[in-house]
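In what follows, a structure is listed as structure tokens, so that the remarks can point back to it.
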Amino acid sequence: MGKLLSLGTHLRYPITITKLLKKNGEAVRKETSILQYSYTWQKEVGDPFGETWKEDVTTITDWDSPVDGKISRWKIKEGMTIHSSIPFVDVEEDCPHSVQFHGLCGMCGKDMTETSWSSSTKDTDRAKINMIHDQTALKVSQDEASKAEEELQRRLLKHRKLSLVVDLDQTIIHACIEPTVGEWQADKNSPNYEAVKDVRSFQLQDDGSRGVASGCNYYIKMRPGLRGFLDKIAEMYELHVYTMGTRAYALNIAKIVDPEKRLFGDRIISRDENGNITQKSLQRLFPVDQRMVVIIDDRSDVWPKNRSNLIKVHPYDFFLGIGDINSSFLPKREELPKLTETPKKKLAKAIDLELSTETTTDETLAGSPEAVKKDSEGNSEVATPVLGARVGALEQLVRMSGDQALLEEQTAEQKIFLEKQLTDRPLLHMQEQLEKEEAAEEQGAKEEVDGVPTEHPHPKHNLLKDDDVELTYLEKHLALVHKSFYDEYDSALINAQGGRVAQLKPGHAKKVTMKDHAADLAIVPDVAKVMPRIKSRTLEGCVIVMSGLVPLGVDLMRSEIALQAISFGAILHTKVSSKVTHLVASTSRTRTTKVKQAARREKIKIVNQQWLLNSMSKWQKEDEEPYLVHVSDADRNRGPNEPGSSPPSEPHDTDDSEMDEESGSDEETASIPASQEEMTDLENVMPEEYEEGKSPVDNLQTFDWGGVDDELAEFMDGESDSDNVSETGSETSNSSQRSAKTGDKRKYSSNQDGEEEDSDEESTLAKKQRIANNRTTGLKTVKTPNSEASSLPTPGDTVDGELNKSSNQENGDDGDDEDFDDDLERELMEELERGEAEEEAEERANGEAGGGG
Amino acid sequence: MFFVLNLTHQVTLHPSYFGRNMHELVTHKLLKDVEGTCTGRYYIITIMDTVNISEGRILPGSGLAEFNVNYRAVVWRPFKGETVDAIVTSVNGVGFFCEAGPLSIFVSGHMIPSDITFDPNATPPQWTDNEDSVIQVGTHVRVKIFGTREEVGSIYAIASIKEDYLGANGCILMMLQKELARMIPKAQACDF
């Protein structure tokens, strides 16, 4: 273990070596001198008469060894002058201190936390890598880590395996603590008995304080086919568990999933050992080399550094509306709009929301459960993802500052979340409501002829369904990855081991001769390259435009779904053009501008998001036929911005940001640059109209441009005025500290009102303006102030715009509420003041009385 | 190594407990407070008896009564060079962890004889020489402490099994048996 010692920067260079105290091969102890050197410096001296001058002084000093060991070679000679810190001696250390446990060297037993004058670096810094699953106190050095990893890789190659890191919650199991599950399990007549009969449960004893939730039962549902899946996979992969639950939780799950410890062994890492509460990292387990590691997880956002090793699994959601019980610490999941909603799902969403609002929006809502309830009922029609994404971003921002208080807050949140499950029993409510609804449905079924096609294939009204098939696909994918990896490895091996190619290529030959074992590791392919290659074949050649899947204000290219689609080889565009092959539209919003644009091109297949999801889940381009979105003939034929195209009026369409766009006039009057996407859309609209031969530009030949300018200027002024008014108005009414959300809502709605007033004249104007925008000359100058002056350009506001419908609905109540609150507050304040005044008066009176007495 | 020490501890008692059986309560509280704790230098294994309980003194402000209690206790302080019996709690490629009573000890791979190697494929994973010496979770091992580090409220230790008569217990018995057989011929019948 040779170590080069440097002189250090703190010496007064230049120095002259006067004597080497130890010979080559001699043992040195820490803190003993091994070298003498001299340096000259200026000393200020004086005589008794107060005069001072500087004199050159030469001092001889010892240099002490910072390590124990044996000198193997001096690199300097006596009499040399040295000008800077250079490595000067090679010392063979007694102990490299490369394994440390709680600051103790695991090899020599010395205390590593001790520091002395002779050493410039801490010994604890020599082993910093934490790579053991169940320990945080044990650290190893870089060398040790790469050695261990090399061994691991060699072993895996020998057995033709790879490493697989498995997430627990919602990937291979689904857990909840809802007591209803236990009751259903005990009751054979329960409609859900079939589904929950093989649910396993355990209690966590040693798991800190969880308030009400401590000592409760955890119900664990394994994903269908899990046993067989793991058995098969274990032949190809060495399995690791990596969960965001606590250690006790992880161990209990492992006991259920793998009672004989055959699959996972002790390779279990939990939140307690992770070292980071919001992210997972392969580097924690494989610090040096992640070439042979595959991850399966239901969330890709927790693996920011290892996306290419990740197979994203569709989350397993067995206990509806429960979600991931261990996700309180993670950023909120980006959700997609749900597929066409059966009442059951809507119900689940509502309750999901109820739970999530409880946990996410803290101050205003968590305090009063009634407020939550009211809020969630009101919002159940509003898109959950919008809320979730916004709060998620906020949380993430806060988390960046990362402090202890937040952690505690989140722990508290989790506690609340768990308690909520225990006391509120969302599943029970859902089941009850489901039964009620179905009863009502049956009655109404006869009258309903061609209404919404809501089918109920489950005759027993069971809420929980055990129909997940994800694991079968997953097994195929993992087998495929394994096969491709080893195919590549084998061919590389043949090449490297003196195949003809290897002989021809001098580079390869050199590698092999270098060292046998180093060679076969050098040719190991990288899963992070192999897997994306396979995946990218899935949607190769598909040019996809998404509509209504990503909430406004979220950068499309950074959204979860987009990143995934790209990783599967799709090319994502933001606007419909001739290159586009697929338009993926949300099922709940089939009449967006993009859909209409796409509908007029025969080539573009308009499919719902399930097509994309299924394709990505199966790693195979699905046949589009079953997923085609029904597009009304009207949309196929008519231009998108034709006045009079009536806005859709389904109830759950309200989350549609693009709805505004459809009605045309509204959107463009305000000329909200809602997002990049929308802007480009607007521009893209124009060529379509030319094609159809009814370009409005034709009319422009006889157009009075000066008039437009004036009108536009006038309009701009007018609008900004009205906006200012409405904004200040809402601000003042917001003075009582309501949640920001309500505030935004109100602001928006008042804007709406303002717009509606002028909408008549503006609709024509907007059109002119749009035309003007499209022209290359002259009026460009108008465009700039226009977009600047438009008063609602912030993305935050436009996001809130999506809430507009509900805010309209709620507005009345809300306003009343707020007024009421205001009044109450005022009254209280008055009361208080009066009380204080009285007290003061009383005191004064007393004081006077006392003084008098 | 175990010691009997005379120690003192200050016990505070809430006013609601003032009464006839106060001394009993103080002793009880002492046991609860002190027994099984680690001072950073040693573990207090058990309290033998209380030697003296001082008169209570009311603390100004809070009203709690404070007693100085002298007691005798058995304490254990792990020393460098001490040989202890321990139970393996966790095994990994770098070494294994074991517990000698309250003390958590790490034995690194460098402190394990080179013929005993890590076998990650076994269930459960183990350190083994492919003969009778198998170290896995739950194995009783005898280890020699090589270094200790004391912090407030906790002690950590590094140990070795790289000497004779150290390691998995089954293995030690075998060795002893062989040794005995060498010294006293025909002692094979000796039953352990």
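Values in this text are rule-based calculations from the coordinates and carry no lab data. Computed from a predicted structure; not experimentally measured. Quick reminder, even Gly has a Cβ in these numbers, built from the backbone with ideal geometry, and neighbours come from all protein chains shown.
Of note:
- Zone residues, segment B:30-55, relative to B:Asn6, backbone N less than 16 Å from point 7 Å out along Cα-to-Cβ: B:48-54
- Restricting the trypsin sites (Lys or Arg not before Pro) of segment A:1-108 to loop positions (DSSP other than H, G, I, E, B) with no more than 13 neighbouring Cβ atoms within 10 Å leaves A:Arg12, A:Lys23, A:Arg29, A:Lys75, A:Lys77.
- In this structure, A:Leu480 and A:Glu183 have a Cβ-Cβ separation that, at R0 = 45 Å, corresponds to a calculated FRET efficiency of about 0.60.
- Applying a DSSP loop filter and a limit of 15 other Cβ atoms within 10 Å to the GluC sites (Glu not before Pro) in segment B:136-180 leaves B:Glu163.
- Principal-axis tilt of helix B:169-183 within chain B, Cα atoms, nearest 10 degrees: 60
- The label-point distance for B:Met22 and A:Ile494, in a model that sets each label 7 Å from Cα toward Cβ, rounds to 9.2 nm.
- GluC sites (Glu not before Pro) lying in DSSP loop within segment A:1-89, provided at most 12 other Cβ fall within 10 Å: A:Glu26, A:Glu51
- Rounded if a/c under 1.5, otherwise prolate or oblate - segment B:82-183, Cα gyration tensor axes: oblate
- If R0 equals 56 Å, the separation of the Cβ atoms of A:Asp623 and B:Ile87 corresponds to a calculated FRET efficiency of about 0.40.
- Label separation (B:Ala181 vs A:Tyr13): 6.8 nm, computed from points 7 Å beyond Cα along the C-beta direction.
- Computed from Cα atoms, the angle from the helix B:22-34 axis to the main principal axis of chain B rounds to 30 degrees.
- Residues of segment A:1-25 with amide N under 11 Å of the 7 Å Cα→Cβ point at A:Ser120: A:5-12
- FRET E, pair A:Lys197, A:Lys305, Förster distance 51 Å, beta-carbon r, rounded to 0.05: 0.80
- Label point of B:Ile45 set 7 angstrom out along Cα-Cβ; within segment B:80-119, amide nitrogens under 20 Å from it belong to B:80-88, B:98-106.
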